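Okay, structure first, notes after.
No lab work stands behind these numbers, since they all come straight from the coordinates. None of the values given here were measured: they were computed from a predicted structure. Every residue, glycine as well, gets a Cβ built from its backbone with ideal geometry; the counts of neighbours run over all protein chains shown.
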Amino acid sequence: MNITSKLRPFWQKEKINPRISIAVIHGEQRYNKLLKESKKLMNVIIMLVYRAESALYNTMPGFYKNAQKEGWVILKEIFTSDADMIPDYKNRTLTIKLHSLSTPRANQVVKKLCVFLNQTETCFPLTNLMLVYKTVAL
């Protein structure tokens, strides 16, 4: 019997149960719940991230009139878009170049947000590099 007789074409799916009970899984492969300490640490990180996002959202009405409607959407797009991190040890800066977003309006918000964040003169944690935000959008 050759190996090709065992293979099935991709359009003939075998019936595979999408749910697997824990009793079927072997001891070494079982999913273990997070330890309470790990879960608490994850919850702390999630809360910190949410507070940082909320702080950025709360600064947006100062330079964007539709922040109430579109603020969270623009922030989500910023966080999920590409960016370049360019360290410059000679000038002690870490430049964050944000790539262009989906709309010109969002790109204008990012430019103003970059100006605001650059005014804070924030240092990257555990370094002496000051964060400099830029956008490559026109």
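Sorted on the mean count of surrounding Cβ atoms within 10 Å across their residues, most packed first, peptides 37-44, 98-105 read 98-105, 37-44. Of the peptides 51-62, 116-127, the ranking by mean beta-carbon count within 10 Å, highest at the top, reads 51-62, 116-127.
For the range 66-135, the dipole from Cβ point charges (+1 on Lys and Arg, -1 on Asp and Glu) about the Cα centre works out to 160 debye, to the nearest 20.
For the range 66-135, DSSP calls about 55 percent of its internal beta bridges antiparallel.
For the pairs Lys90/Lys134; Lys69/Lys134; Lys69/Lys97; Lys69/Lys112, flag any whose C-alpha to C-alpha distance is greater than 21 Å. Provide the component values of the computation, followed by the final result.
Numbers: Lys90/Lys134 19 Å; Lys69/Lys134 25 Å; Lys69/Lys97 26 Å; Lys69/Lys112 18 Å.
Table pairs above 21 Å Cα-Cα are Lys69/Lys134; Lys69/Lys97.
For the pair Ala52 and Ile86 in one chain, pulling the backbone fully straight at 0.36 nm per residue adds 10.0 nm over the alpha carbon distance. Enclosing the Cα atoms of the range 66-135 in their convex hull gives a volume equal to 93 cubic angstrom per residue.
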